[in-house]
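K.L.:
First, the structure itself, so that you have it in front of you.
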Amino acid sequence: MITEAQQRDIMAAVARAEAATDGDIVCVFARQVSHYPEVSIAAGAFAALVLPPVALALGLHPAAMLQEVLSATGALSGWAAADPSTDAQMAMILDSYAVVQALLFTLVAGLATIPALRRLLTPGTLKRHRVHKAAWAQYVATGLHTTADATGVLIFASLDDRVVEIVAEPAIHRKVGDKVWHAAVAAVRSGMKAGDPVRGFVAAVDICGAALAEHFPSTGPHANAVSDRLVEL
């Protein structure tokens, strides 16, 4: 997703920001953090359980319509001729209802596997939860939690989920406050909306770097604990 020239722009921004602070900044860019398989299943189950009763309430009878189709094709002729009792008719109605539900589940669950539709159906809270977990996993994976002064900041963005997360140690958060993080998140979101996520990352790095320089200024040359290169997932 990111070209080598864009990588150099981000690395330059990170190096510039870290020159004035003892902190470390890492950028992570993901296409998506999950395929959300449960969304497709939930959509299919919702359609199967809710749509038939709603159709009945509106005066439609999907099971009866299915029976008419089956009767027209001769699929029920043998059964009807063999046992035209009320119990048999009730059994056919229940079986038809179950078939309608199965068809609805299969159809809607299949449609919900289409990425664009699945993203539309996925609740925002679930997206934020998954991005939050992915961001903390990357925070640990990159080793920011092992830095000497615990002054690492991770900027995580998921393109398809359209969610941005800033991860920082509690000590940093207490000094910096929410305003800086909100501004950094807004910068990345703005870049993503404009189709230029790199510009958003660079702006967010500048914002976070200025905050770190204010509260955790450089005490001299220090080893770069993690790479300045943007991590792509």
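Just so it is clear, none of the values below were taken in a lab; they were calculated from the coordinates. Only a predicted model underlies this, so the values are computations on that prediction, with no experimental measurement involved. Every residue, glycine as well, gets a Cβ built from its backbone with ideal geometry; the counts of neighbours run over all protein chains shown.
K.L.:
Just want the answer: with Cβ charges of +1 for Lys and Arg and -1 for Asp and Glu, which residue in Val198, Val167, Pro123 is farthest toward the dipole's positive end in the stretch 101-214?
P.N.:
Pro123
K.L.:
Report relative contact order for the stretch 180-233 in percent, whole number only (criteria: Cα-Cα under 8 Å, sequence separation at least 6).
P.N.:
Over the stretch 180-233, the number comes to 29 percent.
K.L.:
Now for a different question. At q = 0.09, 0.10, 0.20 Å⁻¹, what is the log10 ratio I(q)/I(0) for the stretch 101-233, with the Debye formula run over Cα points and no solvent?
P.N.:
With one equal scatterer per Cα and no solvent, log10 I(q)/I(0) is -0.34, -0.41, -1.25.
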